[in-house]
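Read the figures in this text as sums done on the coordinates, not as results from a lab. No experiment lies behind these values; they were computed from the predicted model shown. Here the Cβ positions follow ideal geometry from the backbone for every residue, glycine too, while neighbour counts run over all protein chains shown.
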Amino acid sequence: MLILHVHVRVRPEFVADFRRATVENAQASVREPGIARFDVVEQQDDATRFVLVEAYRTQQAVAAHKETAHYAKWIETVAPMMAEPRSRAWYTAVCPGPEGW
């Protein structure tokens, strides 16, 4: 399992729009066979900061996700909303989640 954390800071006037577009993208993403999970979390003390937590089954699933229409739409929609470029960090699952126990 490949886990991606994407950190995003949004301009304050776009928080609601970013949230809406990102939830739409996440809902479409979890329907992809190669994605096990796609969570969108908002920082409690700063509504302009989000983390997308994406869990991919394979490296091929990562590439396939980037080719989807919903990903392209998300990038186009949210790019002007960002206060700074997003940052990413990749992780490897050490133990399975609750469904794997």
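So the values come out like this:
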| quantity | calculated |
| --- | --- |
| Residue within region 37-45 that is loosely packed, with under 14 Cβ neighbours inside 10 Å and in contact with a Lys or Arg (Cβ under 7 Å, 6 or more places away or on another chain) present | yes |
| Verdict on residue 23 being touching a strand residue (DSSP E or B) at 6+ places or on another chain (Cβ under 8 Å), part of a helix (DSSP H, G or I), closer than 19 Å to residue 72 by Cβ and of a type in the set (A, V, I, L, M) | yes |
| Subset of region 27-63 (residues that are over 15 Å from residue 3 (Cα atoms) and in a helix (DSSP H, G or I)) | 27, 28 |
| From the options 22, 77, 68, residue that is surrounded by 14 or more Cβ atoms within 10 Å (Cβ to Cβ), among the β-branched types (Val, Ile, Thr) and farther than 26 Å from residue 92 by Cβ | 77 |
